[in-house]
Amino acid sequence: MKIEKIHKCPYCGYMYQVVLGQNAYSNMFSAPGGNVAIHSFIFVCPHIACGKTEVTVEAGSPPVSNAGRGAERQRTGGGLGNLFFSARLLPIEACGKGEFKTAEVPESVFHDYDQACRLLKASPCASATYARRCLQGMVRKKFKLKPGKFQNEIKTLASMNGTIRQEIIDALESVRKIGKFRAMPEDDVKVLVDVNYDEARQTIEVIEALLFDWFLAPAEREKRAEALKAIIESKKG
Ligand SMILES: [Zn+2]
């Protein structure tokens, strides 16, 4: 991993300038004569409301040359060869992205999205069920629909001409089907529809795209319009 000049905090989305020794720390070590080197990175978000720590570790063969010693080596990874391990230890990869944990996204929606992410590896089925509930919550909050069957809610959306694109209706419909409980006719036991990792992963991607489109982008537009209004007002005065 190479440390870029500008780093984005994975918790809060804040972009900041990296200053080694101040908000970014990096170290590499290897056993003398050994064939493995470890390179670790720690970032501490300088945003006053966040301040959380991000940790990444890489392992590979030791750098072949002495080129780029000291700070330069820390920054670039110093030519760690044949990387065989790379993982972000903090924040845990499998949780919802912090940029969606904002006032614009309803808490219950974020909770279900976060659960879907956390369950993804352990149980794609359970993940897809949370994802479906998350999406249903998003549809209700965004379009202020009367709660009913998800299938009918999607039909209502589809009938609102021009409000929502056909690709999105199709995506909603596929998530609904993937995360659905299937009733077994013989004994009336409800079981989850089988879902594989890729299907569950795609479902989460649909949610992330719509969280951005429906909740974050409109708020951003609103802010920009307000700023524009303030400029015009100040010109008048
Ligand atoms: Zn942060």
Do you know which of the residues in segment 127-152 that are farther than 21 Å from residue 104 by Cβ and crowded, with 20+ Cβ neighbours inside 10 Å is farthest from the chain's Cα centre (by Cα)? 150
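Quick one: would you say residue 180 is at pLDDT 85 or above, surrounded by 10 or more Cβ atoms within 10 Å (Cβ to Cβ) and assigned by TED's automatic domain parsing to the domain that holds residue 114?
Values: at pLDDT 85 or above: no; surrounded by 10 or more Cβ atoms within 10 Å (Cβ to Cβ): yes; assigned by TED's automatic domain parsing to the domain that holds residue 114: yes.
Answer is no for this residue.
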Using the structure shown, decide if residue 41 is more than 15 Å from the ligand (Cβ to nearest atom) and touching an Asp or Glu at 6+ places or on another chain (Cβ under 9 Å). yes
Can you tell me how many residues in segment 87-126 are touching a residue at least 60 places away in the same chain (Cβ under 8 Å), of a type in the set (Asp, Glu) and surrounded by fewer than 18 Cβ atoms within 10 Å (Cβ to Cβ)? 1
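Quick one: would you say residue 203 is at pLDDT below 85, polar (S, T, N, Q) and in the same structural domain as residue 109 (by TED's automatic domain parsing)?
On the way: at pLDDT below 85: no; polar (S, T, N, Q): yes; in the same structural domain as residue 109 (by TED's automatic domain parsing): yes.
Taking the combined requirement at face value, the residue does not satisfy it.
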Single residue of 98, 51 found to be under 19 Å from residue 16 (Cα atoms), at pLDDT below 85 and within 16 Å of the ligand (Cβ to nearest atom): 98
Among residues belonging to segment 10-36 that are modelled with pLDDT of 90 or more and surrounded by 14 or more Cβ atoms within 10 Å (Cβ to Cβ), point out the one that is nearest to the ligand (Cβ to nearest atom). 14
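The values are calculated or read from the model by the stated rules, or taken from the named source; none is laboratory data. Since this is a predicted model, take the numbers as computed values, not measurements. Every residue, glycine as well, gets a Cβ built from its backbone with ideal geometry; the counts of neighbours run over all protein chains shown.
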